[in-house]
Amino acid sequence: MNWQFHFLLARESENLLITFMDGLSPQDYPWIWIGIGTIAMVLEFIVPGMFIFFVGFSMTVTGLLMLWLPLSTLFQFLIFSIVCIFSIIFGSAFIKKFFPSEVSEDRMIKDDYVNQIVAVTEDILLNQKGGRVHFRGTEWDAYSTTERIPSGEKVRILSRDNLTFIVERIHR
């Protein structure tokens, strides 16, 4: 039963596309490429990442070429694919060269966290990950090398192993 539904849905989608395309003449195709490409490039301002821009740029180039050259559907998609691949490869290199990332490799200054006192949110285990502490507005994995520490206790951060803090209990 499920496959019949998918078949009918595909057939209806195809009929809808054919109905839409029947109302268009081949002279409209370049403008469709250019219009969708322009929309994609404008969307890049809303959804950052530059990938959508390169796809939109490729669509616009394809549409502009179609204004001067009569291209078959196969060549339209071939040109779009080639321009898209090259624009992503060379465009991303250009973007990285002229607009370097502002994020440093380690957003937390080296050893800035050492000796900070934090609250345990989940029991900290002895020599194994699984415990959690609250530090600077978020929870971090943590473990102790000396003892098991229950939730609610205060601990001192000794060091960090990747994204896991190594802590010790504060004795009062």
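Take the range 152-163 and flag every residue that is surrounded by 14 or more Cβ atoms within 10 Å (Cβ to Cβ) and at pLDDT below 90.
Hit for the range 152-163 is 160, nothing else.
Got at least one residue in the range 52-63 being assigned by TED's automatic domain parsing to the domain that holds residue 27 and surrounded by fewer than 17 Cβ atoms within 10 Å (Cβ to Cβ)?
no
Looking only at residues that are among the hydrophobic types (A, V, I, L, M, F, W, C) and under 36 Å from the mean Cα position of the chain (by Cα) in the range 134-154, which one is nearest to residue 113 (Cα to Cα)?
135
Just checking, how many residues over the range 50-69 are closer than 16 Å to residue 85 by Cα and either small (Gly, Ala, Ser) or outside any helix (DSSP H, G or I) (or both)? Lay out the reasoning, then the answer.
First, pick out the residues of the range 50-69 that are closer than 16 Å to residue 85 by Cα: 50-62.
Narrowing further to those that are either small (Gly, Ala, Ser) or outside any helix (DSSP H, G or I) (or both): 50, 56, 58.
Adding up the residues that qualify gives 3.
The values are calculated or read from the model by the stated rules, or taken from the named source; none is laboratory data. The shown structure was predicted, so the numbers you read here are calculated from the model rather than taken from an experiment. Every residue, glycine among them, receives a Cβ derived from its backbone with ideal geometry; neighbour counts consider all protein chains shown.
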